[in-house]
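Below: the structure, in structure tokens.
The values are calculated or read from the model by the stated rules, or taken from the named source; none is laboratory data. For clarity, every value in this text was computed on a predicted model and none was experimentally measured. All Cβ positions, even for glycine, are placed from backbone atoms using ideal geometry, and neighbour counts span all protein chains on display.
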Amino acid sequence: MPRECQLLSGAHVLIVEDDFLLLSDLEMILLEGGAGRVDSCRTIEEALARANADDIEAAVLDVRVGHESIAPVARQLAARGIPFVFYTGQVGNDRMIAEWPGCKIVSKPAQSQVIVAAIAELLRH
């Protein structure tokens with residue numbers, strides 16, 4: 001079994017991504033990386049509702065979901081102490097990212113090992 005399969009050790013991860021293909025890829029990558037459960041959302045409204053789940057341990061957030069900012073979801077997760085990474089193609093030109101200077105950013109597209117390693121890093125801290 002590849003080492004990546006053990007990195008996420010059964011974690012419950014939330015994904016917020018509006019692109020169906022990217023969302024499907026992220027789900028598969030995280031499950032193959034050892035996540036026990038992945039909740040996927042394609043809208044901010046749905047993400048805000050799911051971000052309240054008691055057992056979410058980490059999240060992968062697209063910076064823009066349609067024309068909406070992910071900021072409300074990021075703020076809700078941060079208030080609950082749930083770590084997250086931004087998964088975006090908008091590195092460097094988004095004010096939302098500037099609001100979270102210490103947050104890990106994974107640039108789209110990323111190799112599966114990079115995504116799994118970013119979430120594993122969150123879970124270790």
Condition check for CYS5: modelled with pLDDT under 90 and within 12 Å of the chain's Cα centre (by Cα): no
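Count, please, the residues in the stretch 17-49 that happen to be of a type in the set (S, T, N, Q) and touching a strand residue (DSSP E or B) at 6+ places or on another chain (Cβ under 6 Å). Break it down stepwise before answering.
Step one: filter the stretch 17-49 for residues of a type in the set (S, T, N, Q), giving 24, 40, 43.
Imposing the further condition that a residue be touching a strand residue (DSSP E or B) at 6+ places or on another chain (Cβ under 6 Å) reduces the set to 40.
Count: 1.
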Enumerate the strands (runs of 3 or more DSSP E) found wholly within the stretch 41-125, keeping only those where 2 or more residues are crowded, with 18+ Cβ neighbours inside 10 Å. 58-61, 84-88
Scan the stretch 24-38 for residues that are surrounded by fewer than 19 Cβ atoms within 10 Å (Cβ to Cβ) and outside any loop (DSSP other than H, G, I, E, B) and jot them down. SER24, ASP25, GLU27, MET28, LEU31, GLU32, ARG37
Kindly provide the set of residues from the stretch 15-45 that are under 15 Å from VAL106 (Cβ atoms) and under 11 Å from the mean Cα position of the chain (by Cα), ordered by number. ILE15, VAL16, GLU17, LEU23, LEU26, LEU30
Does GLU27 satisfy the condition of being farther than 19 Å from ALA120 by Cβ and charged (D, E, K, R)? no
